[in-house]
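In what follows, a single structure is set out as structure tokens and then discussed.
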Amino acid sequence: MKIVGLETIIFGVEDVASCATFLTDYGLFPVNVTETGGRFEALDGTAVVLAHASDKSIPASIGNGCMMRKTVMGVADTATIQAITEELSKDREVRQLADGSIESTDDSGFVIGFQVTTRKELNLAGEISNVPGSPFQRPVNHRAVQLEAGPIRPRTLSHIVYFVPDPVKAEAFYVERLGFRCTDRFEGAGPFLQPAGTLDHHTHFLIGAPPFMQGVEHFTFHFGGPTEVMQNGYQFIEKGYQAFWGPGRHIMGSNWFWYFNSPFACHIEMDADMDLHDQNWSPRAFPMGADNSQAFLLRYRSKWSPGKDTPHNGDYE
């Protein structure tokens, strides 16, 4: 099935205004936003959608304080919509919505939707580096850091991470019913899953957890490179938001990351430079733990400049 990846994530929240500010400060474009909600888009049009928690037009919460109400996946064509409808209709309701999309539930109880993707094709250079011994990548006289270039914008929805009570059952649904495949696995936690329509290392990561924890651990958008993650994350903290984990670089997927607390009862990440895998890739399995969760981890501190108070004993904190 030609599932491309995440198209939108829908949240039902009590304080629409503060959540709207948060997503705008993160870098998303507000589209048709009112006091009752609206869209917040990346450069390619993938988005977070906000609605008030009492809005009856969005699915009900699964409970546990989870504010995520629905994930919508983009697919390549109407034939894929039909194929998913036929497959899921074998044992569950599939609702046809007025906009041509379909809606159902996965085996963990999360509401999922599918639509023909409307994401825009991007023609934007990503971050490149000049390395001794390698041909020039970044042109001569091209500056890697251009502060006057304006706000940093997320490029596309990257992935979502679910806490699920039965990771084996949850994985089987996505693999056997929707054509995903496992690209890597954390033993004792769960799989990283890639749909057939993308080369991204994963769009979903499933973590086994007790039923009372079921919900979303985090979601994220791809940025243009590690410099954008670092700059945008730094600016995010300067605006008063709290970092949770990072910055650093993962091993599974290799993506740069920086996680932050969010008003959505989950974390939000900024990521960049994820591995791409095709059918020639063989999945790995690592024990879940700090040594396998990141190749390295950095620590944020306020901006600093060398001067007369510079220590001379190598103690820079």
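Out of all the residues in the range 8-24, which are among the hydroxyl-bearing types (Ser, Thr, Tyr) and either in a helix (DSSP H, G or I) or in contact with a helix residue (DSSP H, G or I) (Cβ under 6 Å, 6 or more places away or on another chain) (or both)?
Applying the first criterion (among the hydroxyl-bearing types (Ser, Thr, Tyr)) to the range 8-24 yields 8, 18, 21, 24.
Within the range 8-24, 18, 21, 24 meet the criteria.
Those residues that are assigned to a loop (DSSP other than H, G, I, E, B) and within 28 Å of residue 43 (Cα to Cα), I need them from the range 75-112; list them, please. Spell out how you get there, then give the answer.
Restricting attention to the range 75-112, the residues satisfying the condition of being assigned to a loop (DSSP other than H, G, I, E, B) are 76-77, 89-94, 97-101, 106-110.
Matches in the range 75-112: 76, 77, 97, 98, 99, 100, 101, 110.
Can you tell me how many residues in the range 11-47 are touching a Lys or Arg at 6+ places or on another chain (Cβ under 8 Å), over 22 Å from residue 62 (Cβ atoms) and surrounded by 18 or more Cβ atoms within 10 Å (Cβ to Cβ)?
Here is the first cut: in the range 11-47, the residues touching a Lys or Arg at 6+ places or on another chain (Cβ under 8 Å) are 11-12, 25, 27-33, 42-47.
Narrowing the set further to residues that are over 22 Å from residue 62 (Cβ atoms) leaves 25, 27-33, 42-46.
Okay, now just the ones that are also surrounded by 18 or more Cβ atoms within 10 Å (Cβ to Cβ), so 27-28, 42-46.
Of the residues in that region, 7 qualify.
Out of all the residues in the range 54-65, is one or more without any contact (Cβ under 8 Å) to a residue 60 or more places away in the chain, buried (at least 19 other Cβ atoms within 10 Å of the Cβ), out of contact with any Asp or Glu (no Cβ under 9 Å at 6 or more places or on another chain) and under 17 Å from residue 160 (Cα atoms)?
no
Looking only at the range 36-53, filter to residues that are outside any strand (DSSP E or B) and aliphatic (A, V, I, L, M); which one of those is farthest from residue 271 (Cα to Cα)?
The first filter runs over the range 36-53 and keeps only residues outside any strand (DSSP E or B), leaving 36, 42-46, 53.
Now restrict to residues that are aliphatic (A, V, I, L, M): 42-43, 53.
Numbers: 42: 13, 43: 15, 53: 28 Å.
Out of the qualifying residues, it is 53.
Right, residue 103: within 25 Å of the chain's Cα centre (by Cα) and within 25 Å of residue 275 (Cβ to Cβ) or not?
Numbers: within 25 Å of the chain's Cα centre (by Cα): yes; within 25 Å of residue 275 (Cβ to Cβ): no.
Spelling it out, it is not the case that residue 103 is within 25 Å of the chain's Cα centre (by Cα) and within 25 Å of residue 275 (Cβ to Cβ).
Return a yes/no flag: does the range 153-163 have any residue that is in contact (Cβ under 8 Å) with a residue 24 or more places away in the chain, out of contact with any Phe, Trp or Tyr (no Cβ under 8 Å at 6 or more places or on another chain) and crowded, with 17+ Cβ neighbours inside 10 Å. Talk me through it step by step, then tell me what you get.
Step one: list which residues in the range 153-163 are in contact (Cβ under 8 Å) with a residue 24 or more places away in the chain, which gives 153-163.
Filter once more, so that each one left must be out of contact with any Phe, Trp or Tyr (no Cβ under 8 Å at 6 or more places or on another chain): 163.
Next, from what is left, pick out any that are crowded, with 17+ Cβ neighbours inside 10 Å: 163.
Checked the range 153-163: at least one residue is in contact (Cβ under 8 Å) with a residue 24 or more places away in the chain, out of contact with any Phe, Trp or Tyr (no Cβ under 8 Å at 6 or more places or on another chain) and crowded, with 17+ Cβ neighbours inside 10 Å.
Which of the following residues is of a type in the set (S, T, N, Q) and either in a loop (DSSP other than H, G, I, E, B) or more than 19 Å from the chain's Cα centre (by Cα) (or both): 115, 137? Break it down stepwise before answering.
Working: 115 fails: either in a loop (DSSP other than H, G, I, E, B) or more than 19 Å from the chain's Cα centre (by Cα) (or both).
Going through 115, 137 in turn, the sole match is 137.
A short reminder: the numbers here are calculations on the coordinates, not readings from a lab. The shown structure was predicted, so the numbers you read here are calculated from the model rather than taken from an experiment. So basically every Cβ, Gly included, is an ideal-geometry build from the backbone, and we count neighbours across all protein chains shown.
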